[in-house]
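For reference, the structure is listed below as structure tokens.
The values are calculated or read from the model by the stated rules, or taken from the named source; none is laboratory data. Quick caveat: nothing in here was measured; it's all calculated off a predicted structure. Methodologically, a virtual Cβ is constructed for each residue, glycine included, from the backbone with ideal geometry; neighbour enumeration extends over all protein chains shown.
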Amino acid sequence: MNNQFLSLLFKKYLVFIPLLLIQFPLWFGETGWLDVWDKEKNLQILQTNLSNDEKKLMEIRAKVRDFKDGYNSIEEIARYKMGMIKPNEKFLQLIVDKDNESP
């Protein structure tokens, strides 16, 4: 009886141990599932960073195109952002309060 039990136990482990040895690299190996999930998460982060960088690049390209097209964009930036005014010129800036603005 004891010999039969040991034989049955040995047969079970004879099948179970190779299955575990096959599963270990599948889950924990260099190209295992855990590594793939981690790389997918990193890929999503990189894709969001890339889309943000592409938006910034489009804005910079638009500004460069404006600067290449003419003097008007440079003059506009100088007037509105830097407050530069030509000699003998009167510059009026209207500030509209959005709360009191009528439709």
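Between residues in segment 59-71 that are at negative phi and residues that are at pLDDT below 75 and surrounded by 10 or more Cβ atoms within 10 Å (Cβ to Cβ), which pairs lie under 7 Å by C-beta distance while being six or more apart or on different chains? Close Cβ pairs (under 7 Å, with a partner that is at pLDDT below 75 and surrounded by 10 or more Cβ atoms within 10 Å (Cβ to Cβ)) amount to D66/S73; F67/S73; F67/I74. Residues of segment 51-86 that are among the small types (G, A, S) and under 33 Å from the mean Cα position of the chain (by Cα): S51, A62, S73.
Within segment 1-55, the set of residues being hydroxyl-bearing (S, T, Y) and either surrounded by 10 or more Cβ atoms within 10 Å (Cβ to Cβ) or part of a helix (DSSP H, G or I) (or both) comprises S7, Y13, T48, S51.
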